[in-house]
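Have a look at the structure below, then the notes.
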Amino acid sequence: MQLEARDIGFRYGNGAWLFRGVNLTVKPGEIVGIVGPSGQGKTTFARILAGFEEPIEGTVTLDGFSVQNKGYYPVQLVFQHPEKAINPRWKMHKSLHEGWKPDQALLDTFGIEREWLTRWPGELSGGELQRFCVLRALGPETRFLIADEMTTMLDAITQAQIWHAVLEISRKRNMGIVVISHEAKLIERLCDRVIELV
Amino acid sequence: MPILEVKNLSVAFTQYTTGFKQKSHQVISDLNVTLEAGKILAVVGASGSGKSLLAHAILGVLPTNAKVSGSMTYVGEELTHARKIALRGKEIALVPQSVNYLDPLMKVGKQVRTSVRTGDPKEAQKNVFERYHLKPEVEGMYPFELSGGMARRTLLSTAIVSGAKVIIADEPTPGLDPTVMKEALGNFRELADSGCAVMLITHDIDSALSIADEIAVFYAGTTVEIAPVTDFTGKGEALRHPYSKALWRALPQNDFIPIKGSQPHSSALPPGCLFEPRCPWATSDCRKGRPEMRELRDGTVRCIHAT
Ligand SMILES: Nc1ncnc2c1ncn2[C@@H]1O[C@H](COP(=O)(O)OP(=O)(O)OP(=O)(O)O)[C@@H](O)[C@H]1O
Ligand code: SF4
Ligand SMILES: [Mg+2]
């Protein structure tokens, strides 16, 4: 499956265009970085790729088909703040199993301890919560992961743990990844190629 | 000369879970740091290791259910809670981690002007906005109209115009472009060079290395090592604590290889060394009690086997 964004343009209301004519193709298993100055709309572009936002101009397709509203969306987004992505009134097992049920081997890959499943989100640190958010996004039907500053607020060890787990899955399932980050050295380490959003 | 000293700080929260059961969270244990005039101390370490809470403890803005022990001194005199309140924003200023600290109902120009203590507030605010590339019209905006990067520059401006002697900056740089970031970091260096003591909390070790004098490494609510910046090089051979070495080697520009496991939770700390469950050097002695901070080469370390 190939993810393709063609001639994407976006602006809020009648404001200035954040970007126009952006093209991006991601092949299965490919890891592509997106860089650009802050305020340039990288997060907006990520939301468009993941189907949370309609572009004003252009199209996003999977193998040439538009894929709005067809059940589980094979392009999943994980962003910077896990505490905003998890329901505070659900225990962790409920949040994790909302979409699918990862097995013990996957929990181990992500360093999620059994006991954490019985806790409330407020009883886990940002790094622990982010492991859940990432694993939750990696259901068997996920073909592409959009990682928008996914590990920016985490320490280097937690960051490397999460990325190694994600890369292992990407290799096994031939899953494509789009990495958005301010951290040039992380992009350099992870990506096959990089595009600049201007 | 030490301006601010934190000695044996411990912070705990009691949480009431279902059925009136109590759970105690030891979020900071026996922590010591010293801030000196003219110096920048960078604080790095595990997410959730108590970095922000240390900042909040210094400023006297911890939640009221926090149990605090230990002592702090400011220019040699005890820093009581009343004194913290009196000095906050004047002698000791915080650049907070969350941009939610801006007053949502006050125009940002005015927020910055109210922090100016000497000279013409209008003039000072205009100058600092120009320095951070905030356009004149930003003055009249409310916080919700700012992008994340603009809000951060506003927070930075507030601390800079205050003329404080101690600046505590909690993750001041995420979301800033490389150019603005370089400038912001340069400003911290200037502040230090003009006699301020700066504590810079950051995940960005590269930035820390570019401007700090010393780096304190935090793990599970305490300092495991304080080292001069020059020790953060190569494979981390010069570093003292196994956690500092592991943190350094996990960076994408180094090996990018993480050690296993995660930081112990604050409600279930191990009885001995807090790093023992993950430590490659651990022996049975490490489980017998918390290692003390001790001097080693040009720094300090909390590990009985470090050499
Ligand atoms: N009000 C509170 N009640 C209970 N626990 C708390 C409270 N505030 C913070 N904690 C816990 O204290 C620990 C330290 O939190 P702190 O915010 O200082 O971490 P940090 O080192 O700044 O992390 P980060 O790098 O993610 O910003 C965490 O385990 C956190 O969950
Ligand atoms: S005291 Fe022991 S367990 Fe702790 S860091 Fe040193 S060697 Fe490791
Ligand atoms: Mg923090």
Please verify whether region A:125-142 includes one or more residues that are assigned to a loop (DSSP other than H, G, I, E, B) and at the interface with chain B (Cβ under 7 Å from one of its Cβ atoms). yes
Do we have any residue at all in region B:238-245 that's within 14 Å of another protein chain (Cβ to nearest Cβ), more than 16 Å from A:LEU154 (Cβ to Cβ) and touching a Leu at 6+ places or on another chain (Cβ under 6 Å)? yes
Count, please, the residues in region B:234-246 that happen to be of a type in the set (A, V, I, L, M) and either within 16 Å of ligand 3 (Cβ to nearest atom) or under 19 Å from B:GLU295 (Cβ atoms) (or both). 2
Out of the residues in region A:112-124 meeting the condition of being open to solvent by less than 30 Å² (accessible area, probe 1.4 Å) and within 11 Å of another protein chain (Cβ to nearest Cβ), tell me which one is nearest to ligand 3 (Cβ to nearest atom). A:LEU124
Among the strands (runs of 3 or more DSSP E) contained in region B:194-307, which hold 2 or more residues that are in contact with a helix residue (DSSP H, G or I) (Cβ under 8 Å, 6 or more places away or on another chain) and within 16 Å of ligand 2 (Cβ to nearest atom)? B:214-219, B:222-228
Which listed residue, of B:LEU185, B:LEU209, B:LEU200, B:LEU247, is open to solvent by 40 Å² or more (accessible area, probe 1.4 Å) and of a type in the set (A, V, I, L, M, F, W, C): B:LEU209
Just checking, how many residues over region A:1-23 are open to solvent by 60 Å² or more (accessible area, probe 1.4 Å) and out of contact with any Lys or Arg (no Cβ under 9 Å at 6 or more places or on another chain)? 5
Among (1) touching an Asp or Glu at 6+ places or on another chain (Cβ under 9 Å); (2) at pLDDT below 95; (3) not basic (Lys, Arg), there is one condition B:LEU269 misses while meeting the rest; what is its number? (1)
For region B:260-281, enumerate the residues that are more than 21 Å from A:ALA156 (Cα to Cα) and either within 16 Å of ligand 1 (Cβ to nearest atom) or open to solvent by less than 40 Å² (accessible area, probe 1.4 Å) (or both). B:SER267, B:ALA268, B:LEU269, B:PRO270, B:GLY272, B:CYS273
Which one of these does B:VAL198 not meet: (1) more than 30 Å from B:VAL116 (Cβ to Cβ); (2) away from chain A (no Cβ under 13 Å)? (1)
Within region B:128-148, identify whether any single residue is within 16 Å of ligand 3 (Cβ to nearest atom) and either crowded, with 20+ Cβ neighbours inside 10 Å or under 23 Å from B:ASP213 (Cα atoms) (or both), and answer yes or no. no
Which is within 27 Å of B:GLU123 (Cα to Cα), within 14 Å of chain A (Cβ to nearest Cβ) and surrounded by 14 or more Cβ atoms within 10 Å (Cβ to Cβ), of B:VAL44, B:VAL99, B:VAL95, B:VAL108? B:VAL99
Any chance region B:266-275 includes a residue that's within 13 Å of chain A (Cβ to nearest Cβ), away from ligand 3 (no atom under 16 Å from the Cβ) and over 20 Å from B:SER29 (Cα atoms)? no
Name every residue in region B:155-175 that is within 14 Å of another protein chain (Cβ to nearest Cβ) and either in contact with a helix residue (DSSP H, G or I) (Cβ under 7 Å, 6 or more places away or on another chain) or crowded, with 21+ Cβ neighbours inside 10 Å (or both), in order of residue number. B:ASP170, B:GLU171, B:PRO172, B:THR173, B:GLY175
Of all residues in region B:56-70 being within 16 Å of ligand 3 (Cβ to nearest atom), within 18 Å of B:SER266 (Cα to Cα) and in contact (Cβ under 8 Å) with a residue 40 or more places away in the chain, the one that is surrounded by the fewest Cβ atoms within 10 Å (Cβ to Cβ): B:PRO63
Qualifying positions in region A:189-198 - open to solvent by 20 Å² or more (accessible area, probe 1.4 Å) and in contact (Cβ under 8 Å) with a residue 60 or more places away in the chain: A:CYS191, A:ASP192, A:ARG193, A:VAL194, A:ILE195, A:GLU196, A:VAL198
Give region B:10-40 a look and list any residue that's open to solvent by less than 30 Å² (accessible area, probe 1.4 Å) and more than 16 Å from ligand 3 (Cβ to nearest atom), or say none. B:SER10, B:ALA12, B:SER29, B:LEU35, B:GLY38, B:ILE40
In this structure, does B:ILE85 turn out to be more than 16 Å from ligand 2 (Cβ to nearest atom), more than 14 Å from chain A (Cβ to nearest Cβ) and touching a helix residue (DSSP H, G or I) at 6+ places or on another chain (Cβ under 8 Å)? no
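The values are calculated or read from the model by the stated rules, or taken from the named source; none is laboratory data. Because the structure is a prediction, the values reported are computed rather than measured. Cβ sites come from the backbone with ideal geometry, for glycine too, and all protein chains shown count toward neighbours. Surface areas here come from the heavy atoms of the whole protein model, side chains and all, with no ligands, DNA or RNA. Shrake-Rupley method; radii C 1.70, N 1.55, O 1.52, S 1.80 Å.
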